1. Looking only at the range 73-112, which residues are among the charged types (D, E, K, R), within 19 Å of LEU44 (Cβ to Cβ) and open to solvent by 40 Å² or more (accessible area, probe 1.4 Å)?
2. With (1) open to solvent by 30 Å² or more (accessible area, probe 1.4 Å); (2) within 30 Å of ASP48 (Cα to Cα); (3) not small (Gly, Ala, Ser) as the list, and CYS175 as the residue in question, which single condition is left unmet?
3. Kindly indicate whether SER116 is under 14 Å from PHE202 (Cβ atoms) and either out of contact with any His (no Cβ under 8 Å at 6 or more places or on another chain) or modelled with pLDDT of 95 or more (or both).
4. Just to be sure I understand the filter: pairs with C-beta atoms under 7 Å, separated by 6 or more residues or on different chains, first member in the range 50-68 and over 17 Å from ARG34 (Cβ atoms) and open to solvent by 90 Å² or more (accessible area, probe 1.4 Å), second member of a type in the set (Gly, Ala, Ser) and modelled with pLDDT under 95. Which pairs pass?
5. Say we look at the range 1-45 and pick out the residues that are part of a loop (DSSP other than H, G, I, E, B) and among the hydrophobic types (A, V, I, L, M, F, W, C); which of these is modelled with the lowest pLDDT?
6. I'd like to check which strands (runs of 3 or more DSSP E) are fully inside the range 118-209 and have at least 3 residues that are within 25 Å of PHE97 (Cα to Cα).
7. Pairs needed: first member in the range 191-203, within 15 Å of ILE168 (Cα to Cα) and open to solvent by 50 Å² or more (accessible area, probe 1.4 Å); second member anywhere, outside any loop (DSSP other than H, G, I, E, B) and among the hydrophobic types (A, V, I, L, M, F, W, C); C-beta distance under 9 Å; at least 6 residues apart or different chains.
Amino acid sequence: MRSALFLNGDCEDFEGVDLEDYDLVIAVDGGAKRFLKAGLVPDLFVGDGDSLDESDLNELRALGCEVLLFPKEKDEIDTELALRKAIERGAKEIDIFCWTGERLDMLLALMYLMGSFNVKITAKSRKLIVGVVSTELELEANPNEKWSIIPIAGDAYGVTLKGFKYEIANKNMPCDHPYGVSNIAISSRVKISVERGKVAYFRWLKKPS
């Protein structure tokens, strides 16, 4: 089962996402405004409502969207709640959209959350795809694309990179020496594996400035 989460960040490519590709579409708090503006209805709303008016929530309910409203004072961010609901309902693969923006703290929290669940979670935008690897993953790539692979939530051990200009085999990646930044794909498929720990990969679909 595939699920899509739409957050409240920058989202220049909202209209380019085919909602029919997903079994469960979740609007996460302020992300619901994009659906209302576009005349679309998510399957589920998850959030504390601090980025919406009460009229927005009522409109979602009237359109048939299931609304799960949480207290504003809580220990979880809305994205964590939405991820947990998606997984509770059977999602094995989750794509996250509208996640970029100025809130670097939220981006870091998102990275940690993506590595906290035993399902495939990928953050996607028109320019960048981000994911977390804790075992082994083979991914699509385009030759000459820029990729960065860095450890998160601690050092990563026994890291192997294949299909890149700078390949490594069973090498450790310490957090205080992020040498995996700015690698280059040389194949249409790349492989990232980790024996212990986690790494995040950043696939730049458009060359960053």
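The values are calculated or read from the model by the stated rules, or taken from the named source; none is laboratory data. Since we're looking at a predicted model, the values are computed, not measured. Every residue, glycine among them, receives a Cβ derived from its backbone with ideal geometry; neighbour counts consider all protein chains shown. The accessibility values were calculated without ligands, DNA or RNA, using every heavy atom of the protein model including side chains. Shrake-Rupley method; radii C 1.70, N 1.55, O 1.52, S 1.80 Å.
1. Of all residues in the range 73-112, those among the charged types (D, E, K, R) come to 73-76, 78, 80, 84-85, 88-89, 92-93, 95, 102-103, 105.
Then keep just the ones that are within 19 Å of LEU44 (Cβ to Cβ); that gives 74, 76, 78, 80, 84-85, 88-89, 92-93, 95.
Within the range 73-112, LYS74, GLU76, ARG84, LYS85, GLU88, ARG89, LYS92, GLU93 qualify.
2. Of (1) open to solvent by 30 Å² or more (accessible area, probe 1.4 Å); (2) within 30 Å of ASP48 (Cα to Cα); (3) not small (Gly, Ala, Ser), only one is false for CYS175: (2).
3. No.
4. none
5. The first filter runs over the range 1-45 and keeps only residues part of a loop (DSSP other than H, G, I, E, B), leaving 1, 7-9, 11-13, 17-18, 22-23, 39-43.
After this cut, where a residue has to be among the hydrophobic types (A, V, I, L, M, F, W, C) as well, the list is 1, 7, 11, 17, 40-41.
Working: MET1: 96, LEU7: 96, CYS11: 85, VAL17: 90, LEU40: 92, VAL41: 95.
My answer is CYS11.
6. Output list reads 120-124, 128-133, 136-140, 146-151, 189-193, 199-204.
7. LYS191/LEU137; LYS191/LEU139; LYS191/LEU161; GLU195/ALA156; GLU195/VAL159
Yes/no per residue for (1) modelled with pLDDT under 95; (2) in a loop (DSSP other than H, G, I, E, B); (3) under 22 Å from the mean Cα position of the chain (by Cα):
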| residue | (1), (2), (3) |
| --- | --- |
| GLU80 | no, no, yes |
| ALA91 | no, yes, yes |
| ASP95 | no, no, yes |
| TYR112 | yes, no, yes |
